[in-house]
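Asker: Following this message is one structure expressed as structure tokens.
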Amino acid sequence: MSFDLEQVVYTFIEEARELLDSMEASLLILEDNPADSENIDAVFRAAHTIKGSAGLFGLNEVVGFTHVVEDVLDRVRAGKISINNELIALLLESGDHINELIDVFAVKKTQLNAAAEQREADLLHSFNQYRTVHPEMVAVRDTTRKVDVCSEGGVAYNLWHISLRFGTEVFRNGMDPMSFIKYLATLGNIVSISTSFEGMPEPGSMDPEACYYSFEIQFDSSAEKQVIADVFRFVNEDCAVHILPPHSKLVEYVDLIKSLPADNGRLGEILVAAGALTQHELDQSLELQRSAAEQSGSASLLGDILVAQRSVEPAIVEAALNKQAKSKEQKSKENFYLRVQADKLDSLINLIGELVIAGAGASLLARQSNNASLYEANSIVSDLIEEIRDSALRLRMVPIGETFNRFQRVVRDVSQELGKDIQLKISGADTEVDKTLVEKIADPLVHLLRNSMDHGIEMPERRMALGKPAAGTLTLNAYHDSGSIVIEIGDDGGGLNRDRILAKAIERGLVSSGASLNDQEIFKLIFEPGFSTAETITNLSGRGVGMDVVKRNILSLRGTIDLDSEAGLGTRVRIRLPLTLAIIDGFLVGVGRGSYVVPLELVRECIELSEKERTLARERNYINLRGEVLPLIFLRDHFDLPDHSGRRENVVVVRSAGRSAGLVVDDLQGEFQTVIKPLGKLFTGLRGISGSTILGNGTVALILDIPAMVQQIVQTESRAPARLHAAR
Amino acid sequence: MNMSLETNAQKSVAKLEGDLTIYSVIELKSALLDLISSSTETEINLADVLEFDSAALQVLALAKRTANATGKTMRISAPSSSVVNLLELYDLVGFFGDSLLISTRDVDPLE
């Protein structure tokens, strides 16, 4: 039992954090657009749900504080107080405080520290001013509302109100209102009836064969609305019938609507299902809605039409609309999310990894058996395994946008602290990336953003003086690029000061004073440990720790980081990360007796290296590929393998981070689904190898770390450009 | 429908007999409107009306309304049971009330 409760508490904490996140996002939208009632509702719901769930776990401190927040939000929602930036700031801070309360009471199970207690007291004090606004007005509103409900009920004494407007053709169609009213009287008691001839024209033009009757009837009956409506079924075409239920029925309908299953999506259907509306009334109203839309070009709401038609009471429509909103909400949640424990997913992916290996073994045997049908069957299985693998890996993928949105708040807070006006523009939020990667990338990104805001973007006055818009812009962009996800953080600030970086680096002894470095190399210096050029050290960044930590974090994720900057225009940091950490499509190559895996996404093409070209290529370390210089990596030399007198060699052209290189291998063995098995700790220092995998025949193949290899060759290239030129 | 008419200086008394239904409303309308326009006081005796439907009642209502609008008097007298039933069903006794001289039932003790 206690175990279960732990689990549930954990779910609560997760959910509460998500709700707080969405609350924050909505508040930030409200800051720009205070009239957005949808977002006010979203904030209110978040607070409401947190309060409710916290109550279930007896987290009274959370309930107590959240209640105040919810109360204020309720007033906002009811239009009693208007939302302003001051209140939004207060609510944002409250979100943080609720987060801390949950952290302290639900996670750590300790008590608040003095600072948090003080904050809570301050917040409550500030909220009080909103809670005590116009108490008289509130009271008045409340009573009028009650009166409204009564009069909405319409008729006293629990009577039905039936209103009939007979059409002119009733008599000519052989019918007489009398018979319907007599029949109605058999279902209950006609308490009062008021007959009028509203539409009857002046005597001269009055057509005695036309019917001008209309009736307002107070009717006492326990019959269902449908039954009463059926009385007039035969004159439906010629008679406008409006049946309003007695007040007791109203309550009944509202209850009924609330208890309906959630799948009843449309307003009309909900009302018909509850019996508050007959199918005929619905059809009529829909027809009216359609024709009105045709005439005016704009559709009015069905709810409004129904109320205007007096088919249903506003209170019932409201209940049905609430129900509808709830159903929708529930449905969208059901449709989009399924909570799965992460370890279950991990074990599924592990199993699929084993399946891939076993499948490779089976297809190898099938190929060797020379049994065509076995081979065919196996290739179908292989295809399916591939699909399963892809979808399983996709399960772990989440859009990076959720993480990005969290930064809106960071940007808002930091820019206020700095007295700068900074906008964050997000693009590529749909780009998907492995969940574990998302978690690990958030901190380095925050650091980079802060850096840009602190050092990159200038103060508004300075920006104006430079002829830039006063508001600075930060851009955050993500996209997929050949098996990697690329995240770009850009600003339109002052750019990096090349000379100052160089001076600092020389001062710190990172480069010798005579060294000639290109811009790229100079910019990279800021990733060196202990480097900071900021003249003032703020409490945000500039303490000289950070950029090197950022780089280390990115490298540990098998990623790369580089940086472009232009003086006066801004800086752009580009982070490149592998999409996933578990299984990849590999391209198998053989060198000597061993096999190696190249991630397939990085392979551009394969070319044969003929005997003649070989000697030349070996000499120069590059070949001419359609007029481009393609630097070569001889894997045999790279791994120091014994010489092999193969007659042929092949070049696998790979591309990483915008640069191409050729891997010289003995033979090409084709595509292979590769389950990445990490190398042991002992091998973490190995360069050029990113992992290992097990082949179908049980042997081990090493996975080549192509980005590292390409970078290495690019570095050698740029260090010795003279040699290359001479060779050319 | 059958109508017999007695007219003196101030008052016309029309006695309607037989069925007053949709089949005779055109006739009924013109007859009643003629009567109202030609005399200041009209009494319509419905004692011998057999069948009486909503269409006929509607014409009576038209006549009553027209009379009221032109400052004349029209009343129904001695309605038969079929007329009374319908007037009661529609709660129109009051509408013709001040003019229902002799009713088969007690309409208004003050009258």
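Every number in this text was worked out from the coordinates using simple rules, so none of it is lab data. Every value quoted in this text rests on a predicted model; they were computed, and no experiment measured them. Counting neighbours? That spans all protein chains shown, and the Cβs are built from the backbone with ideal geometry, glycine included.
Asker: Quickly estimate the mean residue ellipticity at 222 nm for chain B, helices only: each DSSP H run with n ≥ 4 gives -39500 (n - 2.57), and the total goes over all residues, rounded to 500.
Answerer: Working: 4 runs with 44 residues, N = 111.
-12000 deg cm²/dmol, from helical runs alone.
Asker: May I pose another question? Please give the average number of partner chain Cβ atoms lying within 10 Å of the Cβ of each residue in A:176-189, rounded to a whole number. Kindly include the intermediate steps, with their values, before the conclusion.
Answerer: On the way: counts 7, 7, 9, 2, 0, 4, 3, 0, 0, 1, 0, 0, 0, 0.
Average neighbour count from other chains, rounded to a whole number: 2.
Asker: Cβ neighbours within 10 Å, averaged per peptide: list A:399-408, A:84-93 in order, most packed at the top.
Answerer: On the way: A:399-408: 18.7, A:84-93: 16.5.
Per-residue mean Cβ counts within 10 Å order the peptides as A:399-408, A:84-93.
Asker: Would you mind computing, in nm to one decimal, how far apart the modelled labels at residue A:466 and residue A:8 are, each placed 7 Å from Cα along Cα→Cβ?
Answerer: 5.7
Asker: Also: Mind checking A:194-204 for the average number of partner chain beta-carbons within 10 Å of each residue's beta-carbon? Intermediate values should be presented prior to the final figure.
Answerer: Working: counts 3, 10, 4, 6, 0, 0, 4, 1, 4, 13, 2.
Taking the mean over all residues of the peptide, I get 4.
Asker: Which whole number gives the average count of other chain Cβ atoms within 10 Å of the Cβ atoms across peptide B:57-66?
Answerer: Values: counts 6, 12, 4, 0, 6, 8, 1, 0, 5, 4.
Counting Cβ atoms of other protein chains within 10 Å of each residue's Cβ and averaging gives 5.
Asker: Further question: What ranking, highest mean first, results for peptides A:94-101, A:237-244 when packing means the other Cβ atoms within 10 Å averaged over each residue? Walk me through the numbers before you get to the answer.
Answerer: On the way: A:94-101: 20.9, A:237-244: 18.8.
Descending packing order for the listed peptides: A:94-101, A:237-244.
Asker: Hey, another quick one. Counting other Cβ atoms within 10 Å of each Cβ, which trypsin sites (Lys or Arg not before Pro) in region A:601-660 have at most 16 and sit in a DSSP loop?
Answerer: Within region A:601-660, the qualifying trypsin sites (Lys or Arg not before Pro) (loop, at most 16 other Cβ atoms within 10 Å) are A:626, A:647, A:648.
Asker: Too long at a 22 Å Cα-Cα cut-off: which of A:51/A:425; A:435/A:551; A:524/A:551; A:551/A:677? Walk me through the numbers before you get to the answer.
Answerer: On the way: A:51/A:425 33 Å; A:435/A:551 20 Å; A:524/A:551 10 Å; A:551/A:677 24 Å.
With Cα atoms farther than 22 Å apart: A:51/A:425; A:551/A:677.
Asker: Give me A:484, A:37 ranked fewest to most by other Cβ atoms within 10 Å of their Cβ, as a rough exposure proxy. Mind showing how you got there, number by number?
Answerer: Values: A:484 23, A:37 13.
Ascending number of Cβ neighbours within 10 Å: A:37, A:484.
Asker: Moving on to the next point. With r defined as the distance between the Cβ atoms of residue A:173 and residue A:240 and R0 fixed at 25 Å, what FRET efficiency is calculated, to the nearest 0.05?
Answerer: On the way: r = 15 Å, r/R0 = 0.61.
Given R0 = 25 Å and the Cβ-Cβ separation, E is 0.95.
Asker: Also: Enumerate the aspartates and glutamates that residue B:72 could reach by cross-link, defined here as Cα to Cα under 12 Å, with residues fewer than 8 away along the same chain left out.
Answerer: B:41, B:43
Asker: In what sequence, highest mean first, do A:585-592, A:418-425 appear when ranked by Cβ atoms within 10 angstrom? Intermediate values should be presented prior to the final figure.
Answerer: Numbers: A:585-592: 20.8, A:418-425: 16.2.
Listed from highest to lowest mean packing, they are A:585-592, A:418-425.
Asker: A further question follows. Could you check which residue among B:89, B:35, B:20 shows the biggest mean-square fluctuation in a GNM of chain B with a 10 Å Cα cutoff?
Answerer: Result: B:89 has the largest fluctuation of those listed.
Asker: Does chain B classify as rounded, prolate or oblate by the C-alpha gyration tensor (a ≥ b ≥ c root eigenvalues; a/c under 1.5 gives rounded; else a/b over b/c gives prolate, otherwise oblate)?
Answerer: Details: a/c = 1.43, a/b = 1.10, b/c = 1.30.
Because its axes are fairly even, with a/c under 1.5, chain B counts as rounded.
Asker: Mind giving me the nanometre distance, one decimal, between the label points for residue A:230 and residue A:555, set 7 Å out from Cα along Cα→Cβ?
Answerer: Result for the modelled spin labels: 8.2 nm.
Asker: Any idea how far apart residue B:81 and residue A:436 come out in nm if each label point goes 7 Å out from Cα toward Cβ?
Answerer: Calculated label separation equals 9.6 nm.
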